[in-house]
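The values are calculated or read from the model by the stated rules, or taken from the named source; none is laboratory data. Everything numeric here is computed off the predicted structure, so don't read it as measured data. All Cβ positions, glycine included, derive from the backbone under ideal geometry; neighbour counts span all protein chains shown. Side chains included, ligands, DNA and RNA excluded: accessible areas come from the protein's heavy atoms. Shrake-Rupley method; radii C 1.70, N 1.55, O 1.52, S 1.80 Å.
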Amino acid sequence: VQLQASGGGLAQPGGSLRLSCLVSGVTFKIRAMRWHRQAPGKQRELVAQIAPNDYATYADSVKGRFTTSRDNAKNTVFLQMDSLKPEDTAVYYCNTGSSLDPNRYWGQGTQVTVSS
């Protein structure tokens, strides 16, 4: 199983970035997908998750600014990040698993830095 996250980089406050996570080795369309982030010195935070039926939920800290979506034909999940703030700076990870083990599989992480 592989999860390959990409799309991170440097953005200015108020700017946008779009993360992608390409998944292989599992039946993507039946998996819930999650985005987490971890900033230096802080605990990992669940940012967004999307169910197989496209139902999405978000952390309060990103609600209204971030949008997650999925393309089952391409085995890819996305995280559109708008109105970025410096406090969004973190390494972002995509993750999937099963109902019994939701933290089973992880991507390598992609760095997002929001700074002027």
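A few notes on this one:
- Charged neighbours of residue 80, selected by a Cβ distance under 11 Å, balance to +1 (K, R count +1; D, E count -1).
- Reach of residue 74 by Cα under 26 Å, taken over lysines that are not fewer than 8 positions away in the same chain: 29, 63
- Ligands, DNA and RNA are left out, and with a 1.4 angstrom probe the accessible area of the chain is 54 Å² per residue.
- Rounded to 5, the percent of DSSP beta bridges in the chain classed as antiparallel: 90 percent
- Options 12, 2, 51, ranked by Cα towards positive dipole end of the stretch 1-51, top entry (Cβ charges): 51
- Spin-label model, residue 12/residue 44: points 7 Å from Cα along the beta carbon direction are separated by 3.4 nm.
- Taking the 1.4 Å solvent-accessible surface of the stretch 1-65 as the whole, the part contributed by carbon and sulfur is 47%.
- Between the stretch 77-91 and the stretch 2-57, the C-alpha centres lie 10 angstrom from each other.
- The charge dipole of the chain, taken about the Cα centre with unit charges on the Cβ atoms of Lys, Arg (+1) and Asp, Glu (-1), comes to about 160 debye, rounded to the nearest 20.
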